[in-house]
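Some notes on the structure that comes next.
The values are calculated or read from the model by the stated rules, or taken from the named source; none is laboratory data. Everything numeric in this text was worked out from a predicted model, so none of it was measured. Cβ sites come from the backbone with ideal geometry, for glycine too, and all protein chains shown count toward neighbours.
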Amino acid sequence: MNNPHRLIRAFLKQPVDKTPVWLMRQAGRYLPEYRQIRQQVPDFLTLCKTPELACQVSLQPLERFDLDGAIIFSDILTIPDAMGLGLHFVENEGPKFKSPIRSSRDITNLPIPDPEIELSYVCDTIRLVKKSLNNTLPVIGFSGSPWTLAAYMIEGQSSDNFILAKKMLYDNPASLHELLLKLSNAITIYLNAQIQAGVDAVMIFDTWGGLLTTSDYCDFSLSYIKQIISNINHTVPVIVFTKHGGLWLEHIATSGCDVIGLDWTISIKSAKSRVEKINTRIALQGNLDPAILLTNPDAIEKSVKTILDEFGKSPGHVFNLGHGVLQQTPVENVKTLVDCVHQMSVPYHVR
């Protein structure tokens with residue numbers, strides 16, 4: 001039986017009437033109503049940890065745009081925060097940890113958070129969003145990948161190159177593997193709790209996988225993603241997104257995921273051809289350059305048509321950006337994008 005939601009059917013490569021679309025960071029700073037709520041709380045984490053407000057923010061873009069799904073408003077660094085590393089956000093600088101990983105002892109002492117205790121606010125937000133939507137749209141949950149979380153935890157903050165994390169990879173790989181294994185276990189428990197709370201799909205954000213060499217990506221990132229996928233309650237579709245992961249599509253296609261997220265650096269036509277040679281059941285998600293949303297309706301329409309043309313007339317495409325909505329994005333351009341995808345994609349699905 002087909003799922004009632006267009007988005008989930010596309011994740012499962014089932015026929016749809018038009019290409020579904022949702023956007024990474026579709027709830028966020030580009031929306032004036034988000035900025036109003038943000039002013040009501042002392043910091044970003046308080047917003048994430050207040051389920052009523054996080055639910056409200058999760059629903060905001062759905063009130064403006066004809067999106068095909070909601071993504072829970074949260075952050076990929078919730079697990080390191082729950083492990084006691086002292087996460088905080090500095091204006092114009094991003095996330096920082098008061099107690100970053102600096103030794104093997106730090107790794108050994110890390111606890112595995114209980115998602116219904118230390119991370120209960122995420123599960124509570126999911127339950128509130130599900131109740132509010134009343135099954136009219138699917139809900140997406142997520143986590144950062146083990147490598148991406150480890151990179152932040154070791155570096156202590158965001159970075160262009162995560163030198164400290166890569167230094168541990170080369171100097172002390174055993175300790176890094178210990179950390180990645182612990183994070184994999186924590187993420188598995190966390191995603192299972194999200195599924196239990198009601199999400200209709202989960203996404204693993206491997207934001208910094210693209211910093212690695214091919215062999216290191218397979219050993220220190222993808223192998224742990226595979227472990228998570230094999231151990232979660234795989235009753236909902238699983239999306240894997242590695243930023244700058246186009247080099248490794250054939251490897252990612254063996255992960256057990258249902259959907260591969262693409263950034264804008266690879267043609268979706270090429271990605272489709274390569275992935276189908278490995279696994280014909282995998283759908284693709286992507287892959288508009290977010291910067292195009294800073295331009296004009298004609299440029300947006302042209303870019304949407306290019307991606308739809310490249311994917312062609314077959315099921316298994318979910319339209320999305322190649323990364324998150326940029327803060328400077330005009331709200332009207334997001335509406336243009338969503339409407340263009342729905343209107344222009346119908347001929348690609350006529351049977």
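Can you work out which of the residues in region 52-98 that are acidic (Asp, Glu) and modelled with pLDDT of 95 or more is nearest to Leu119 (Cα to Cα)? First the steps, then the outcome.
Filtering region 52-98 for residues acidic (Asp, Glu) gives 52, 63, 66, 68, 75, 81, 91, 93.
Still in the running and modelled with pLDDT of 95 or more: 52, 63, 66, 68, 75, 81.
Numbers: Glu52: 15, Glu63: 27, Asp66: 30, Asp68: 27, Asp75: 11, Asp81: 9 Å.
The selected residue is Asp81.
For residues in region 169-184 being in contact (Cβ under 8 Å) with a residue 60 or more places away in the chain and either within 16 Å of Thr213 (Cα to Cα) or surrounded by 16 or more Cβ atoms within 10 Å (Cβ to Cβ) (or both), which is nearest to the chain's Cα centre (by Cα)?
Selected residue: Leu183.
When you scan region 242-351 for helices (runs of 4 or more DSSP H) that lie fully inside it, which ones turn up with 3 or more residues that are under 23 Å from Ser223 (Cα atoms)?
On the way: elements: 249-252, 268-278, 297-311, 331-345.
It comes to 249-252, 268-278.
Only residues in region 316-340 that are of a type in the set (A, V, I, L, M, F, W, C) count as the first member; pair them with residues that are part of a helix (DSSP H, G or I), Cβ under 6 angstrom, at least 6 apart or cross-chain, and list the lot.
Val318/Ala10; Phe319/Val341; Leu321/Pro290; Leu326/Pro290; Leu337/Ile300; Cys340/Glu301; Cys340/Val304
Hey, can you tell me all the residues within region 76-92 that are more than 20 Å from Leu176 (Cβ to Cβ) and assigned to a loop (DSSP other than H, G, I, E, B)?
Gly86, Glu91, Asn92
Which residues, taken from region 235-274, are over 17 Å from Gln14 (Cα atoms) and of a type in the set (Val, Ile, Thr)? Spell out the reasoning first.
Here is the first cut: in region 235-274, the ones over 17 Å from Gln14 (Cα atoms) are 240-256, 261-271, 273-274.
Val240, Thr242, Ile252, Thr254, Thr265, Ile266, Ile268 - these are the residues of region 235-274 that are over 17 Å from Gln14 (Cα atoms) and of a type in the set (Val, Ile, Thr).
Would you tally the residues in region 1-53 being surrounded by 20 or more Cβ atoms within 10 Å (Cβ to Cβ), in a loop (DSSP other than H, G, I, E, B) and touching a His at 6+ places or on another chain (Cβ under 7 Å)?
Result for region 1-53: 3.
Go through region 88-128 and report how many residues are within 21 Å of the chain's Cα centre (by Cα) and of a type in the set (Lys, Arg).
2
All but one of (1) in a helix (DSSP H, G or I); (2) closer than 24 Å to Asp309 by Cα; (3) touching a residue at least 40 places away in the same chain (Cβ under 8 Å) hold for Phe220, so report the exception by its number.
Among (1) in a helix (DSSP H, G or I); (2) closer than 24 Å to Asp309 by Cα; (3) touching a residue at least 40 places away in the same chain (Cβ under 8 Å), the lone unmet condition for Phe220 is (2).
Among the residues of region 129-159 satisfying the criterion of being more than 16 Å from Ile79 (Cα to Cα), more than 18 Å from the chain's Cα centre (by Cα) and in contact (Cβ under 8 Å) with a residue 12 or more places away in the chain, which is surrounded by the fewest Cβ atoms within 10 Å (Cβ to Cβ)?
If we take residues in region 129-159 being more than 16 Å from Ile79 (Cα to Cα), more than 18 Å from the chain's Cα centre (by Cα) and in contact (Cβ under 8 Å) with a residue 12 or more places away in the chain, then Asn135 is surrounded by the fewest Cβ atoms within 10 Å (Cβ to Cβ).
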